[in-house]
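The values are calculated or read from the model by the stated rules, or taken from the named source; none is laboratory data. Just so you know, these numbers come straight off a predicted model, no measurement behind them. Neighbour counts are summed over all protein chains in view; Cβ atoms, including those assigned to glycine, are modelled from backbone coordinates with ideal geometry.
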Amino acid sequence: MRTFWFESKKIAKKRTTWLAFLLTIMTVITIYLLNFSVAKDIYEGNITKLKNDVITTEGYINSFAKELDIAEEADDSDTVKELGLIIEGYEKNKALKQERIKAFEEQDWETILKGEISDLNFLFEAGAGATTPPMSIEEQDTSWFTFRATLEEKKHLLDYKVVPIVQNTTDVGFLPTYYDNFTGKSLEQWKQMTKRYGVTGYSFLYQLIQLLYIPIIVLLGCLIFGNGISSESGKKKHGLHFFAVLPSRKGNVFIAKYASGLMYTLVFSLIMLMVPVFCSVFTVGIGSLDYPVLVYDGPEPNPFGDEYTTLDPMKDTFHFIMLKEYIGYVLLFNVVLVFFLYSLYFFISLSVRNPGVTISILVALIFVGMSIYQNEYNPFTYIDIDQIITREKAVIDLDSAITYKTGLILLISVGFFATVIGYIRFKYSYWKA
């Protein structure tokens, strides 16, 4: 235990450790402020778009009104009736847009959500019986699964009085799903429409987790705190020789150096999970933990095996969990992921004494592992925590065996194996370095 605390104090006394820690926090804060600024511009831009739409609509009304006057003078009753209906339709459209402008300006989320739900219900009625919804982008169809998920999300937000995440659209803010099948310009437009910008603390954290924030933070923690042995075995630094002349067991030295770095990496990752939340304290607040998170139930299993399973946007089911439950899963998985990645990093560092090369090897290993041979037995399949919790990964690979529980067990097992091999490597060859 004394050796452990000795190693822990050595890490804490390094100026480079604190510098890296502070720089990381400042980077996250900067990202939040940039994201907040973009979200604010988009929100104000949505209001401007609606106002421009009202002006355009008024132009159409005035144009048709002139035609109406001409038709009345010519005593053309059929044209008068037709133009009257057209003008009436534009007047209703104008009134709806003005109502939506007021709701955006006053941040009346109840009115906005009710309007989106009404629009979605109308589209469902218009597309009843069709294989695809009555909405397309550049002649590419949308998905009924996305429509169904979006409708349920809006209902949840309305029922729990949760503020929606900002999106670059004045119409329905669709929830993007894996069932979307756009390409080319359609894909670009869809991404622009559905990209979400979290401004509250919890929504910003949720946004970052979807962008592999946790693996990045853990790898950074490994780089900062995982060099307890490799940094003391060079020609200029002989820290290990200090223990060699003391009555210290090799196992105690290894455990002290491994555990101290692991502890700091874990604490570092947990702090970095809290930073995005506290970023919003001085802006719009931390937000609600009742925000809905989509979880895929996946397609019906095929009796002949997963390789014969296909996705059905109209029948495949889903459900939502609240953000507080999602974050609970994230926190537990974060602990396990820290153990897994740190163990791999520590093992590699026993053979590669340059931290930069060590982290490069690990990143390359993760990239290759995430790119090829994805199945439930590949530990790198579980690096993207969000896709595991929401079961999107199981849907992408059509592999129902890829589960949260499997990921926990596999990462712990591989991490433990890497630690044991690292200890054997240290005990029989590294001590003499």
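Contact list please: Cβ distance under 7 Å, first residue in segment 109-135 and in the same structural domain as residue 155 (by TED's automatic domain parsing), second residue surrounded by 15 or more Cβ atoms within 10 Å (Cβ to Cβ) and among the polar types (S, T, N, Q), pairs at least six apart or on different chains.
Pairs found: 120/150; 132/142; 133/142; 135/142.
Evaluate the following for residue 317: is it touching a strand residue (DSSP E or B) at 6+ places or on another chain (Cβ under 8 Å) and in the same structural domain as residue 218 (by TED's automatic domain parsing)?
Numbers: touching a strand residue (DSSP E or B) at 6+ places or on another chain (Cβ under 8 Å): yes; in the same structural domain as residue 218 (by TED's automatic domain parsing): yes.
Against the criterion (touching a strand residue (DSSP E or B) at 6+ places or on another chain (Cβ under 8 Å) and in the same structural domain as residue 218 (by TED's automatic domain parsing)), residue 317 qualifies.
Taking residue 391 and the conditions (1) loosely packed, with under 15 Cβ neighbours inside 10 Å; (2) modelled with pLDDT of 95 or more; (3) among the basic types (Lys, Arg), which numbered condition does it fall short on, given that it satisfies the others?
The one condition residue 391 does not meet is (1).
Can you go through 188, 153 and tell me which one is surrounded by 19 or more Cβ atoms within 10 Å (Cβ to Cβ), acidic (Asp, Glu) and outside any loop (DSSP other than H, G, I, E, B)? Lay out the reasoning, then the answer.
Numbers: 188 fails: surrounded by 19 or more Cβ atoms within 10 Å (Cβ to Cβ).
The unique qualifying residue is 153.
Residues that are part of a helix (DSSP H, G or I), at pLDDT 95 or above and exposed (fewer than 11 other Cβ atoms within 10 Å of the Cβ): does segment 57-77 have at least one? Walk me through how you get there before you give the answer.
Our first condition is that a residue be part of a helix (DSSP H, G or I); within segment 57-77, this holds for 57-73, 77.
Checking the rest, the ones that are also at pLDDT 95 or above come to none.
No - not one qualifying residue is present in segment 57-77.
Please pick out the residue among 421, 409, 372 that is surrounded by fewer than 14 Cβ atoms within 10 Å (Cβ to Cβ) and either in contact with a Phe, Trp or Tyr (Cβ under 9 Å, 6 or more places away or on another chain) or not assigned by TED's automatic domain parsing to the domain that holds residue 352 (or both). Full working, then the answer.
Working: 409 fails: either in contact with a Phe, Trp or Tyr (Cβ under 9 Å, 6 or more places away or on another chain) or not assigned by TED's automatic domain parsing to the domain that holds residue 352 (or both); 372 fails: either in contact with a Phe, Trp or Tyr (Cβ under 9 Å, 6 or more places away or on another chain) or not assigned by TED's automatic domain parsing to the domain that holds residue 352 (or both).
Selected residue: 421, the only one of 421, 409, 372 that is surrounded by fewer than 14 Cβ atoms within 10 Å (Cβ to Cβ) and either in contact with a Phe, Trp or Tyr (Cβ under 9 Å, 6 or more places away or on another chain) or not assigned by TED's automatic domain parsing to the domain that holds residue 352 (or both).
Among the residues in segment 277-292, are any closer than 26 Å to residue 181 by Cβ and either in contact (Cβ under 8 Å) with a residue 24 or more places away in the chain or surrounded by 14 or more Cβ atoms within 10 Å (Cβ to Cβ) (or both)? If you could, list the steps in order and put the result at the bottom.
Of all residues in segment 277-292, those closer than 26 Å to residue 181 by Cβ come to 292.
Next cut, either in contact (Cβ under 8 Å) with a residue 24 or more places away in the chain or surrounded by 14 or more Cβ atoms within 10 Å (Cβ to Cβ) (or both) only: 292.
Yes, there is a match, as at least one residue in segment 277-292 is closer than 26 Å to residue 181 by Cβ and either in contact (Cβ under 8 Å) with a residue 24 or more places away in the chain or surrounded by 14 or more Cβ atoms within 10 Å (Cβ to Cβ) (or both).
Among all residue pairs at least 6 apart or on different chains, which show Cβ distances below 7 Å where the first residue, located in segment 181-193, is on the phi < 0 side of the Ramachandran plot and the second is in a helix (DSSP H, G or I) and not polar (S, T, N, Q)?
From segment 181-193, the pairs are 182/190.
Say whether the condition of being over 20 Å from residue 261 (Cα atoms), in contact with a strand residue (DSSP E or B) (Cβ under 8 Å, 6 or more places away or on another chain) and of a type in the set (Val, Ile, Thr) is met by at least one residue in segment 392-404.
Yes, because at least one residue in segment 392-404 is over 20 Å from residue 261 (Cα atoms), in contact with a strand residue (DSSP E or B) (Cβ under 8 Å, 6 or more places away or on another chain) and of a type in the set (Val, Ile, Thr).
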